[in-house]
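Nothing in this text is a laboratory measurement; each read-out follows from the coordinates by a stated rule. Predicted, not measured: the structure shown is a model, and the values here were computed from it. Quick reminder, even Gly has a Cβ in these numbers, built from the backbone with ideal geometry, and neighbours come from all protein chains shown.
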Amino acid sequence: MKTQVAIIGAGPSGLLLGQLLHLQGIDTVILEAKTPEYVLGRIRAGVLEQGTVELLREAQAGARMDTEGHVHDGFALSFAGRQERIDMKSLTGGKTVMVYGQTEVTRDLMDARAAAGGISIYEAADVRPHDFYSDQPRVSFVKDGKTVELECDYIAGCDGFHGISRKSVPPDAIRIFERTYPFGWLGVLSRTPPVSDELIYANHARGFALCSMRSPTLSRYYVQCALNEKPEDWSDDRFWNELKARLPEQAAANLVTGPSIEKSIAPLRSFVAEPMQFGRLFLVGDAAHIVPPTGAKGLNLAASDVYTLYQIMRKHYREGRSDLLEKYSELCLRRIWKAERFSWWMTSMLHKFSDDPFNQRMQLAELDYYTGSLAGRTTIAENYVGLPYERIE
């Protein structure tokens, strides 16, 4: 079995890369260990940067997003009993974000690939990249009890933080930068109208809270919790009472509660692996970096990796530009570290790290300064809508 680009992982980054390359006439095969239903069952982010939105349109997978997604011009920061709006659209020359669930993005990309006739192999067991430092890389996997060898020109590791791609790299060839945070997010999905038309990020003495949404009838809420807690420790009543306590008075009064339809706790981590290229193996998305979800950057950062690799491969195959292949890590990491910085900053400003009153006052002073300054609000807005993609020339 042969292809030009073997893609490991059928999450949104692998599917998006495969679709973009396929539309350029570049042959791809996507290998996924799980079933399509399992992939679609992952509950993930729902805020798309403008660059991600435009990339989905280019991949011919944006029609339903444009119909059912919700464009947001701003969001709110709540602290010290007040609520300050960050008007992203006016502060960035018209840029916005789209609220549209990652599950729906994945579904749209699956449908687009199927319509285009691209090959996706699900339930591929024991997927392993081989010989990626040579001119003849390959990926082996087991399907229906038979071992298959997929010969290729390049391998894209889009298989997430726990995937085999990064694990296959020699330990002395990669450097890890990591910070773990001493708390998690308890997330609840409920079939209730959102408390606000825009997201609310709350700094409170009891801990962080976030009000988000998936649709006009489906809300997603989060509260900061201890890492040793379990979802079953939190009854619905306990969750709603805690969320109300952390929100501004008006938002708490408007909150519509109801039975949870999904409840989970996620730890927070900042993580970067350098470099992101090893011979003919390229790491993409969560395989190379993780951000705490506070800045809404996870899926969007993966999309910017996809954009970079897609443009490099397009120029390589269509224009004979092999000189760009070695620049993948450099181009990606510039934007990655800026997104890591913003996610770290949002996390540091909005969460309760300790009972130290000095730290709490410093957070409030920082938030007061940034929201009270045009330059500060602009900095927040520019980062939230997404910094420009690196130019590839």
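Enumerate the lysines that Lys146 could reach by cross-link, defined here as Cα to Cα under 26 Å, with residues fewer than 8 away along the same chain left out.
Qualifying lysines at Cα under 26 Å: Lys2, Lys34, Lys167.
Taking the square root of 5 times each eigenvalue of the Cα gyration tensor, what semi-axes in Å does the equivalent ellipsoid of the range 234-348 have, largest first?
41, 14, 13
If packing is taken as the average count of other Cβ atoms within 10 Å, what order do 293-302, 29-38 fall into, highest mean first?
Packing proxy ranking, top to bottom: 293-302, 29-38.
From a point 7 Å beyond the Cα of Lys89 in the direction of its Cβ, which residues of the range 164-208 have a backbone N at a distance under 18 Å?
Answer for this model: 196-200.
Please get the size of the charge dipole for the chain, origin at its Cα centre, with Cβ charges of +1 on Lys and Arg and -1 on Asp and Glu, quoted in debye to the nearest 20.
The calculation lands at about 260 debye.
Rank by packing, highest mean first: peptides 7-14, 208-215, 83-90, with packing defined as the count of other Cβ atoms within 10 Å averaged across residues.
Going from most to least packed, we get 7-14, 208-215, 83-90.
Need the list of lysines near Lys352 for cross-linking: C-alpha distance under 24 angstrom, and skip anything on the same chain fewer than eight residues off.
Lys230, Lys244, Lys263, Lys297, Lys338
Mind listing which trypsin sites (Lys or Arg not before Pro) in the range 322-391 are in a DSSP loop and have 15 or fewer other Cβ atoms within 10 Å?
For trypsin sites (Lys or Arg not before Pro) across the range 322-391 that sit outside H, G, I, E and B with at most 15 neighbouring Cβ atoms in 10 Å, the list reads Arg391.
Over its Cα atoms, what ratio of radius of gyration to 2.2 N^0.38 Å does the range 207-247 give?
1.21
I'd like to know which of Tyr307, Gly9, Val272 lies farthest towards the positive end of the charge dipole of the chain, counting +1 on Cβ of Lys and Arg and -1 on Cβ of Asp and Glu.
Working it through, the farthest residue towards the positive pole turns out to be Val272.
Would you please put 173-182, 150-159 in order of how densely packed they are, using the mean number of other Cβ atoms within 10 angstrom per residue and starting with the highest?
150-159, 173-182
In vacuo Debye scattering of the range 99-238, one point per C-alpha: log10 I(q)/I(0) at q = 0.09, 0.18, 0.19, 0.21 Å⁻¹?
Scattering profile of the range 99-238, log10 relative to I(0): -0.52, -1.10, -1.14, -1.25.
What does the convex hull of the Cα atoms of the range 1-98 come to per residue, in Å³, rounded to a whole number?
145 Å³
For Val139, what charge total do you get from the other residues with a beta carbon under 9 Å from its beta carbon, if Lys and Arg give +1 and Asp and Glu give -1?
0
In nm², what is the average projected area of the convex hull enclosing the Cα atoms of the range 305-382?
Averaged projected hull area, Cα only: 7.0 nm².
For the range 13-126, what is the charge dipole size about the Cα centre, in debye to the nearest 20, if Lys and Arg each add +1 at the Cβ and Asp and Glu each add -1 at the Cβ?
With only Lys, Arg, Asp and Glu charged at Cβ, the dipole is about 360 debye.
By count of other Cβ within 10 Å, fewest leading, how are Tyr389, Tyr369 ordered?
Fewest-to-most Cβ neighbours within 10 Å comes out as Tyr369, Tyr389.
For the pair Ala226 and Arg82, what calculated FRET efficiency results from E = 1/(1 + (r/R0)^6), where r is the Cβ-Cβ distance and R0 = 35 Å, to the nearest 0.05?
0.80
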